[in-house]
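Below is one structure; the comments refer to it alone.
The values are calculated or read from the model by the stated rules, or taken from the named source; none is laboratory data. Everything numeric in this text was worked out from a predicted model, so none of it was measured. Neighbour counts run over all protein chains shown; Cβ positions are idealised from the backbone, glycine included.
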Amino acid sequence: MTFKDFYQFASPTRVVCGRELLASAGFEFAKQGAERVLVVTDQVIRATGLVEKVEGGVADGGLEVAGIFDDVPQDSDTAVVTRCAEQAMEAGADSFLAVGGGSVIDTTKGANVVFSHGGAIPDWEGVFQLPRERDGMGRPLPLAPLGAIPTTAGTGSEASPVAVIKDSERGVKVLLLDFPLAPDLAILDPESTATLPAPIAAATGMDALTHAIEGVTSTEWSPHGDAHALHALRLISDNLERAVGDTSDEDARGNMLVAANLAIAPTGFGATGITHSMSHPCGARYGVPHGVANAINLPPVIEFNAVVSEEVADQFRDAAEVLGVDARGGGQRIGRTLADHVRELRGRLGLPGRLSEVGVPEEGISRLAEDAMGEGSTLVNPRQPSEEDFVELFQQAL
Ligand SMILES: [Fe+2]
């Protein structure tokens, strides 16, 4: 295996994982310096009773619940972030606890930036744009403590230094990436995904699978990233179908929470690929759920990437072996075998197999290809695609 000329890695979020941890939410969050907590969630999660349990846990740990912001929609945006930050200020909160999926956690990260540093989300757009100013004592100004309790097993946002927030005025998704954005605390407890509907468990699980495969094969791969991603693949292989097939299987749900948390680690340092480049515009333009788009786009991308070099074929072989897929042969064969494995898994999970089934029209492809070319993930894909390549890939996925 090649020795990399350069890479960096950190996994700064403290992960607390196990059963019956919601009752300890306050005990754990107090260790991060939280005192008056704004709980951020959505109305679907709130209706399950999960938030009440977390509230009880926060109070049991000696913390105060300053308020509950439960107004995060499925596809959150900058206006929601501003309202959430305003509620935190009005309530005198000093910390945030997100209880929800990727949209809730990303909204909370954005609200924390506005709460802690002022301005609005577009002011902090980009990579490493958070202020490095210091207070009167010369200490770096931090963000307020942020904890996250994921209620889906897929996005990994509870441990990533990234927030993606829609700017409805400009019609674009704003990306914020900076180390302080990684939550201070993530609580992984299978009780949090007990009411997750099977189709969402399936789609978000395929997002985690995509993070892991792209993490291993990206130009930004690293040995540290592989250690996380390959174990994530092992857990996904053993648990995703179980968790979707029987939503009462607590072990499988718990293992999927761990898998999603592990799989996100390489992406925090840019180890992604063009499955994400294709799926982001499918979401932005046609509202295709992120995990569904990845599940459809991943197989043709694997076949496209696996033939680029022997080194990349080896990386796909590593992933295939962990997934229990026959990893013999050259790049073309391993690409085909692994892609077929993903297609079959997707079918068994009951997910759609074509973009045309989820609202993407053929005449939209040229625009999607153009968008995909401009995505940051394209730069770190193991094979550099042209716009025509993207048109071809979208056509295969259509
Ligand atoms: Fe993703």
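Can you tell me which of (1) surrounded by fewer than 22 Cβ atoms within 10 Å (Cβ to Cβ); (2) within 13 Å of the ligand (Cβ to nearest atom); (3) closer than 22 Å to residue 345 by Cα is the one residue 155 doesn't meet?
Residue 155 satisfies every listed condition except (1).
Just one of the numbered conditions (1) within 24 Å of residue 196 (Cα to Cα); (2) in contact (Cβ under 8 Å) with a residue 40 or more places away in the chain is not true of residue 277; which one?
Every listed condition holds for residue 277 apart from (1).
Could you look through the range 1-30, keep only residues that are in contact (Cβ under 8 Å) with a residue 12 or more places away in the chain and of a type in the set (D, E, K, R), and pick out the one that is farthest from residue 251 (Cα to Cα)?
4
Filter the range 125-149 for residues that are part of a strand (DSSP E or B) and under 24 Å from the mean Cα position of the chain (by Cα); which is farthest from residue 85 (Cα to Cα)?
Per the criteria, the residue is 127.
Does residue 152 count as not in a strand (DSSP E or B) and not assigned by TED's automatic domain parsing to the domain that holds residue 311?
Yes; evaluated as a whole, the condition is true for this residue.
Considering only residues that are over 24 Å from the mean Cα position of the chain (by Cα) and buried (at least 16 other Cβ atoms within 10 Å of the Cβ), which ones fall in the range 318-351?
325, 327, 331, 334, 335, 336, 337
Cβ-Cβ below 6 Å, separation at least six or inter-chain, first residue in the range 90-109 and within 20 Å of residue 22 (Cβ to Cβ) and surrounded by fewer than 24 Cβ atoms within 10 Å (Cβ to Cβ), second modelled with pLDDT under 95 and small (Gly, Ala, Ser): which pairs?
Cβ pairs passing all conditions: none.
Quick check on my filter: what residues within the range 52-70 are in contact with a Lys or Arg (Cβ under 9 Å, 6 or more places away or on another chain) and either modelled with pLDDT under 95 or of a type in the set (A, V, I, L, M, F, W, C) (or both)?
Within the range 52-70, 63, 65, 66, 68, 69 meet the criteria.
Just the residues that are farther than 23 Å from residue 344 by Cα and surrounded by fewer than 23 Cβ atoms within 10 Å (Cβ to Cβ), please, taken from the range 186-198.
Across the range 186-198, the qualifying residues are 191, 194, 195.
What are the pairs, 6+ residues apart or on separate chains, where a residue within the range 59-73 that is within 15 Å of residue 93 (Cβ to Cβ) and assigned by TED's automatic domain parsing to the domain that holds residue 104 has its Cβ under 7 Å from a residue that is among the charged types (D, E, K, R) and part of a strand (DSSP E or B)?
Between residues of the range 59-73 that are within 15 Å of residue 93 (Cβ to Cβ) and assigned by TED's automatic domain parsing to the domain that holds residue 104 and residues that are among the charged types (D, E, K, R) and part of a strand (DSSP E or B), the close pairs are 64/36; 66/36.
In the set 131, 180, which member is in contact with a His (Cβ under 7 Å, 6 or more places away or on another chain), away from the ligand (no atom under 16 Å from the Cβ) and in the same structural domain as residue 55 (by TED's automatic domain parsing)?
It is 131.
Taking residue 201, is it closer than 18 Å to residue 305 by Cβ and surrounded by 19 or more Cβ atoms within 10 Å (Cβ to Cβ)?
For residue 201, the condition - closer than 18 Å to residue 305 by Cβ and surrounded by 19 or more Cβ atoms within 10 Å (Cβ to Cβ) - is not met.
Among the residues of the range 327-338, are any more than 16 Å from the ligand (Cβ to nearest atom), of a type in the set (D, E, K, R), without any contact (Cβ under 8 Å) to a residue 60 or more places away in the chain and over 24 Å from residue 222 (Cα atoms)?
Yes: the range 327-338 contains one or more residues that are more than 16 Å from the ligand (Cβ to nearest atom), of a type in the set (D, E, K, R), without any contact (Cβ under 8 Å) to a residue 60 or more places away in the chain and over 24 Å from residue 222 (Cα atoms).
Just to be sure, is residue 172 among the β-branched types (Val, Ile, Thr), within 14 Å of the chain's Cα centre (by Cα) and surrounded by fewer than 24 Cβ atoms within 10 Å (Cβ to Cβ)?
No; evaluated as a whole, the condition is false for this residue.
Which pairs have Cβ atoms under 6 Å, sit 6 or more apart or on different chains, and link a residue in the range 285-307 that is over 17 Å from residue 372 (Cβ atoms) and more than 11 Å from the ligand (Cβ to nearest atom) to one that is in a helix (DSSP H, G or I) and of a type in the set (Val, Ile, Thr)?
As it stands, the answer is 306/334, since those pairs meet every condition given.
Does residue 209 satisfy being touching a strand residue (DSSP E or B) at 6+ places or on another chain (Cβ under 7 Å) and either closer than 18 Å to residue 321 by Cα or surrounded by 20 or more Cβ atoms within 10 Å (Cβ to Cβ) (or both)?
no
Take the residues in the range 223-273 that are away from the ligand (no atom under 16 Å from the Cβ) and of a type in the set (A, V, I, L, M), then tell me which one is nearest to residue 203 (Cα to Cα).
Filtering the range 223-273 for residues that are away from the ligand (no atom under 16 Å from the Cβ) and of a type in the set (A, V, I, L, M), the one nearest to residue 203 (Cα to Cα) comes out as 244.
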